[in-house]
Amino acid sequence: MDFYAVKFFATSSLTAEVIVGYMFGKQKGAPEYKMLSIPKSKLPKFEIPDINLSYIEYKSKIEELYYNAIKDSTVLDLNKQFLAFVQSTIKKYGPEIINAKMFLGVRDSDIIIVKAILSEILEEWEGEVNIKVVAEKLTYQDLVWLMTQNRSFTDKEKSYLNRIDVQNSPEVLPLSDPLTGLTINNLDVGDPIYSLVIDPIDPANVNKLKELYPDKFDDSGKNIMPIESQLVAKELIPETDYFFIKVDLGSGLIGKAVISKNLKMMVDAKKIEEMHKKREEYFNPPEDKIIGDVIKDSIAGLKKEANLPENKVRTSDILIILGLSLGLIVGALLLGIWMGVF
């Protein structure tokens, strides 16, 4: 279990409102959440999503509900106050503490703990509440497969997956990390990302991938463990919110994907930071490291590797050089006089 997802529907006899929403998180950090309060008199106007839907689908429907509901001025005014209350309450109890408790409650299948946490957040707003809850234990792989079931591409986006240069390439989908992941705009070509192969396209690709990563595929050829791949190309698909990307899966096998520009991808943040820092230093060396210094340092380094003696200027060397210089000057004057130049 990498993530938890809690979907809920709450009612109260104290207020004429219902509250719907979700809370999502992983073991450490703050949770992601969305809550919406709707007056019961307004319920016939809206479609409340079923909490038994998968998290990805439920979240999408909650976002859609929120967008439509706040068009109503009564709902909008109510939720300005409600969301301010929720934020201050979560801040009071500590978002990291709430998140850790929720993670443990879902991990241990303790629905009483999960309901108690939500009740504690909502009780000052609604008093005693009746809460219906469905909790899910999710892995990174679960999120990928859930996302594939809810994708909807236009013909333009599909055309990128069918381009001649990638026609036989396996289709992949980067692992999603909605909390601490990075979007494609924050990644450079060469950066490592984690992907799952969702469609090998060609049976030969499955055989090749199973040879490369025997522990990451099951007997049926399904990719069950993430593959670390390198980003080799990214293109914004014109007039859309999608990017077309290519990734190197190893041994010359290139994967393809169309992803949302808002998709937060799972990465090794420290590795990415180090790679970006090295690139920055390479292309933008410190100002005091001018060309002359670089050449001087390079020559010094070569001498050191070849065990050549360092150049040391002594007083006797200076006297010899001065003597030779004076001698040459005097010789030149005498030669000029002899030839009649002076």
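The values are calculated or read from the model by the stated rules, or taken from the named source; none is laboratory data. Since the structure is predicted, the reported quantities are computational estimates derived from the model, not experimental observations. Here the Cβ is made from the backbone with ideal geometry for all residues, glycine too, and neighbour counts use every protein chain on show. Just the protein is used for accessible areas: all its heavy atoms, side chains included, with ligands, DNA and RNA removed. Shrake-Rupley method; radii C 1.70, N 1.55, O 1.52, S 1.80 Å.
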One finds the C-alpha centres of the stretch 250-280 and the stretch 2-81 to be spaced, in Å, by 33 Å
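Summarise the accessible area of the stretch 156-288 (1.4 Å probe, protein heavy atoms) by the percent that is carbon and sulfur. Walk me through the numbers on the way to the answer.
Details: 3610 of 7240 Å².
Exposed carbon and sulfur together represent 50 percent of the surface.
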Normalise the Debye intensity by I(0) for the stretch 1-134, one equal point scatterer per Cα, no solvent, then take log10 at q = 0.12, 0.15, 0.19, 0.20 Å⁻¹ and round to two decimals. -0.43, -0.69, -1.14, -1.26
Could you name the lysines in cross-link range of Lys45, using Cα to Cα under 18 Å and dropping any fewer than eight places away on the same chain? Lys61, Lys71
Non-local Lys pairs in the stretch 86-189, i.e. 8 or more apart or on different chains, that have alpha carbons under 25 Å apart: 12
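Compute the accessible area per residue over the stretch 228-281, keeping the other protein chains in place, probe 1.4 Å, unit Å².
Values: 2900 Å² over 54 residues.
On a per-residue basis, the stretch 228-281 sits at 54 Å².
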Tell me which trypsin sites (Lys or Arg not before Pro) from the stretch 1-89 have a DSSP coil assignment and no more than 16 other beta carbons within 10 Å of their own. Lys28, Lys71
Accessible area of the stretch 3-138 with a 1.4 Å probe: how many percent of it is carbon plus sulfur? 53 percent
Heads up, the stretch 68-224 by the C-alpha gyration tensor (a ≥ b ≥ c square roots of eigenvalues; a/c under 1.5 rounded, else a/b over b/c prolate, else oblate) looks prolate
